[in-house]
Amino acid sequence: MQEADQGWIQRFLSYLHHERRYSPHTISNYHRDLRALLEFCRQQDIQSWQDLGSFQVRQFTAAGHRKGLSPRSLQRQLSTLRSFFRYLNREHVISANPAVEVRAPKAPKRLPKTMDVDMMGRLLEMPHNDPLSIRDWAIMELLYSSGLRLAELVSLDMTDVDLSDRTVRVTGKGNKTRIVPLGRFAGEALAKWLQQRASMAGAGTAQAMFLSQQGRRISHRSVQARVKLWAKRQGLPVEVNPHLFRHSFASHLLESSGDLRGVQELLGHADISTTQIYTHLDFQHLARIYDRSHPRSKRRR
């Protein structure tokens, strides 16, 4: 592969970061997939992106399958390739997307994990009596109250939160903006954090809502580590990560309201099929109630 063609990978990753506002974790996955594609092109003596057709993309996918990649990993790789080639097509580097017709093996549906309402309440009853714990409390209340992605929470600015109106302006995937409601408990937690925030603020952090102990905008890893720490301190029997709050938010809301379109809007899903996975979770909840309650379902003791 010629050096000029290889440079398009870095331009694409820069586009994902600056224009699409993808998280560092997602960009890292894209980079890994494209490095694998680049290595494949070298092995096949493919000199430019114009020389890569659907046949070669199928060969690349088949090679990954032989190496033991799961259907889910192959699907992610193909999604990366489609996005990359779509970008190259937009930039007039190639005339057609060679990955658009290629399909990976079907992966079994994996339902997202959630916490039940009691477990979530137990976590959010954490003690908050110093600036650091108040910040962590506000972060977790906001994650559960508004269903934010981790990247959305970390990039949140002071001007994005309106405590009087109880709303949060969120910039999500694809640089799309949505307004989500802020629950009463989250509003109280944020108000307390804003009273403490000045004690942790450093130079250049005037805009960032959540700060690290060093006075900088808080990082993804810091939020992940603090959530995990508090779950352990509160004696939760499951490992907790920030995305678990979003899954629980969606599941609990759908279970109570049944409004799939509303939940889609709140989550910022472009496609309602993404939101529909939570209807499966809701059905599982109903199935458990049925198994416990229906006379013809109960097992004889």
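The values are calculated or read from the model by the stated rules, or taken from the named source; none is laboratory data. Model, not experiment: these values are computed from the prediction. As a convention, Cβ positions derive from the backbone with ideal geometry for all residues, glycine included, and neighbour counts pool all protein chains shown.
Within the stretch 133-153, one or more residues are in the same structural domain as G121 (by TED's automatic domain parsing) and free of Cβ contacts under 8 Å to residues at least 12 places away in the same chain. Scanning the stretch 182-201 for residues that are exposed (fewer than 14 other Cβ atoms within 10 Å of the Cβ) and not hydrophobic (A, V, I, L, M, F, W, C) gives R184, Q195, S199. Selection over the stretch 234-273 of residues that are more than 12 Å from the chain's Cα centre (by Cα) and either modelled with pLDDT under 80 or assigned to a helix (DSSP H, G or I) (or both) gives a count of 23.
For the stretch 154-181, a tally of residues being more than 18 Å from the chain's Cα centre (by Cα) and either closer than 26 Å to H25 by Cβ or among the polar types (S, T, N, Q) (or both) returns 7. In this structure, is D33 modelled with pLDDT of 90 or more and in contact with a helix residue (DSSP H, G or I) (Cβ under 6 Å, 6 or more places away or on another chain)? Yes, satisfied. In the stretch 191-210, the residues that are under 14 Å from V154 (Cα atoms) reach residues that are part of a loop (DSSP other than H, G, I, E, B) with C-beta atoms within less than 7 angstrom, at least six apart or across chains, in these pairs: T205/G215; T205/R216; M209/L156; F210/L156; F210/I218.
Count, please, the residues in the stretch 1-17 that happen to be at pLDDT 90 or above and not hydroxyl-bearing (S, T, Y). First the steps, then the outcome.
So in the stretch 1-17, the residues at pLDDT 90 or above come out as 7-17.
Among the residues that remain, those that are also not hydroxyl-bearing (S, T, Y) are: 7-13, 16-17.
Qualifying residue count, the stretch 1-17: 9.
Identify, please: which residue in the stretch 74-121 is within 26 Å of L254 (Cβ to Cβ) and surrounded by 19 or more Cβ atoms within 10 Å (Cβ to Cβ) and is, among those, modelled with the lowest pLDDT? The selected residue is T114.
Take residues that are within 27 Å of the chain's Cα centre (by Cα) and at positive phi and tell me which of the helices (runs of 4 or more DSSP H) falling wholly in the stretch 26-141 contain 3 or more.
Result: empty, no element qualifies.
For V57, the requirement of being surrounded by fewer than 17 Cβ atoms within 10 Å (Cβ to Cβ) and over 20 Å from H220 (Cβ atoms) is not met.
Taking T159 as the residue in question, decide whether it is assigned by TED's automatic domain parsing to the domain that holds L16 and under 27 Å from R221 (Cα atoms). Lay out the reasoning, then the answer.
Numbers: assigned by TED's automatic domain parsing to the domain that holds L16: no; under 27 Å from R221 (Cα atoms): yes.
So T159 fails the test.
Can you pull out the residues in the stretch 145-182 that are in a helix (DSSP H, G or I), of a type in the set (D, E, K, R) and under 17 Å from Y22 (Cα atoms)? Correct list: E152, K173. Take A206 and tell me if it is assigned to a helix (DSSP H, G or I), small (G, A, S) and not assigned by TED's automatic domain parsing to the domain that holds S70. No: the conditions fail for A206.
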